[in-house]
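The values are calculated or read from the model by the stated rules, or taken from the named source; none is laboratory data. Every value quoted in this text rests on a predicted model; they were computed, and no experiment measured them. Reconstructed Cβ throughout: ideal geometry from the backbone, glycine too, with neighbour counts over all protein chains shown. Each accessible area value is taken on the protein alone, full model and side chains, heavy atoms only, with ligands, DNA and RNA left out. Shrake-Rupley method; radii C 1.70, N 1.55, O 1.52, S 1.80 Å.
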Amino acid sequence: MLRNLLALRQIAQRTISTASRRQFENKVPEKQKLFQEDNGIPVHLKGGVADALLYRATMMLTVGTAYAMYQLAVASFPKKQD
(Lines give C-alpha, C1' and ligand atoms only; values in the text may rest on other atoms or scores of the structure.)
Protein backbone atom coordinates (compact mmCIF):
# COMPACT_ATOMS: atom_id res chain seq x y z
CA MET A 1 0.00 0.00 0.00
CA LEU A 2 2.74 2.42 0.99
CA ARG A 3 4.75 1.49 -2.08
CA ASN A 4 1.76 2.31 -4.31
CA LEU A 5 1.33 5.70 -2.65
CA LEU A 6 5.01 6.53 -3.11
CA ALA A 7 4.87 5.51 -6.76
CA LEU A 8 1.77 7.63 -7.29
CA ARG A 9 3.49 10.57 -5.61
CA GLN A 10 6.51 10.24 -7.90
CA ILE A 11 4.33 10.06 -10.99
CA ALA A 12 2.35 13.11 -9.91
CA GLN A 13 5.50 15.13 -9.22
CA ARG A 14 7.07 14.09 -12.50
CA THR A 15 3.93 14.96 -14.44
CA ILE A 16 3.65 18.41 -12.88
CA SER A 17 7.30 19.33 -13.11
CA THR A 18 7.86 18.15 -16.69
CA ALA A 19 4.58 19.40 -18.14
CA SER A 20 5.15 21.73 -21.02
CA ARG A 21 3.71 25.19 -20.59
CA ARG A 22 1.41 26.52 -23.23
CA GLN A 23 2.29 29.84 -24.72
CA PHE A 24 -0.68 32.18 -24.93
CA GLU A 25 -0.77 35.25 -27.07
CA ASN A 26 -1.13 38.56 -25.27
CA LYS A 27 -4.73 39.73 -25.69
CA VAL A 28 -4.50 42.66 -23.28
CA PRO A 29 -4.18 45.37 -25.99
CA GLU A 30 -7.29 44.02 -27.75
CA LYS A 31 -9.26 44.00 -24.50
CA GLN A 32 -8.07 47.52 -23.68
CA LYS A 33 -9.35 48.78 -27.03
CA LEU A 34 -12.67 47.03 -26.46
CA PHE A 35 -13.21 48.46 -23.00
CA GLN A 36 -11.98 51.97 -23.82
CA GLU A 37 -14.28 52.49 -26.81
CA ASP A 38 -16.83 55.25 -26.33
CA ASN A 39 -19.89 53.43 -27.67
CA GLY A 40 -22.41 54.18 -24.92
CA ILE A 41 -22.35 50.68 -23.44
CA PRO A 42 -21.65 50.52 -19.68
CA VAL A 43 -18.26 49.05 -18.88
CA HIS A 44 -19.80 46.12 -16.97
CA LEU A 45 -21.59 45.02 -20.16
CA LYS A 46 -18.80 45.51 -22.71
CA GLY A 47 -17.59 41.93 -22.35
CA GLY A 48 -20.41 40.61 -24.50
CA VAL A 49 -23.19 38.08 -24.01
CA ALA A 50 -21.59 36.44 -20.96
CA ASP A 51 -21.46 39.78 -19.14
CA ALA A 52 -25.08 40.52 -20.00
CA LEU A 53 -26.19 37.11 -18.73
CA LEU A 54 -24.21 37.51 -15.50
CA TYR A 55 -25.65 40.98 -15.00
CA ARG A 56 -29.22 39.82 -15.53
CA ALA A 57 -28.77 36.78 -13.29
CA THR A 58 -27.32 38.98 -10.56
CA MET A 59 -30.18 41.45 -10.85
CA MET A 60 -32.78 38.66 -10.72
CA LEU A 61 -31.17 37.16 -7.63
CA THR A 62 -30.96 40.57 -5.97
CA VAL A 63 -34.57 41.50 -6.70
CA GLY A 64 -35.76 38.01 -5.72
CA THR A 65 -33.87 38.17 -2.45
CA ALA A 66 -35.24 41.63 -1.67
CA TYR A 67 -38.77 40.43 -2.41
CA ALA A 68 -38.30 37.36 -0.19
CA MET A 69 -37.00 39.58 2.64
CA TYR A 70 -40.02 41.87 2.22
CA GLN A 71 -42.40 38.91 2.36
CA LEU A 72 -40.66 37.58 5.49
CA ALA A 73 -41.00 40.99 7.12
CA VAL A 74 -44.72 41.17 6.21
CA ALA A 75 -45.30 37.63 7.48
CA SER A 76 -43.49 38.31 10.76
CA PHE A 77 -45.97 41.03 11.76
CA PRO A 78 -49.44 39.51 11.99
CA LYS A 79 -52.41 41.63 11.05
CA LYS A 80 -54.43 43.05 13.92
CA GLN A 81 -57.88 41.56 14.28
CA ASP A 82 -60.54 44.08 15.28
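Quick notes on this one:
- Whole-Hz ³J(HN,Hα) from phi, Karplus 6.51 cos²θ - 1.76 cosθ + 1.60, for the stretch 72-79, glycine and proline x: 5, 5, 5, 5, 7, 10, x, 6
- Between A68, A52, A12, the Gaussian network model of the chain with springs among Cα atoms under 10 angstrom shows the greatest mean-square fluctuation at A12.
- The stretch between V43 and K27, if pulled fully straight at 0.36 nm per residue, gains 4.0 nm over its current Cα-Cα span.
- Extension gain from R9 to L53, taking 0.36 nm per residue of separation minus the Cα-Cα distance: 11.6 nm
- Given the alternatives [x] 14.7; [y] 5.8; [z] 5.2, mean projected area of the Cα convex hull in nm² as computed for this entry is given by [x].
- Normalised per residue, the accessible area of the chain is 103 Å², obtained with a 1.4 Å probe and no contribution from ligands, DNA or RNA.
- For the stretch 53-68, Karplus couplings with θ = phi - 60° (6.51, -1.76, 1.60), whole Hz, Gly/Pro x: 5, 5, 4, 5, 5, 5, 5, 5, 5, 5, 5, x, 5, 4, 5, 5
- Inter-label distance, K79 to Q36: 6.1 nm, where each label sits 7 Å from its Cα along the C-beta direction.
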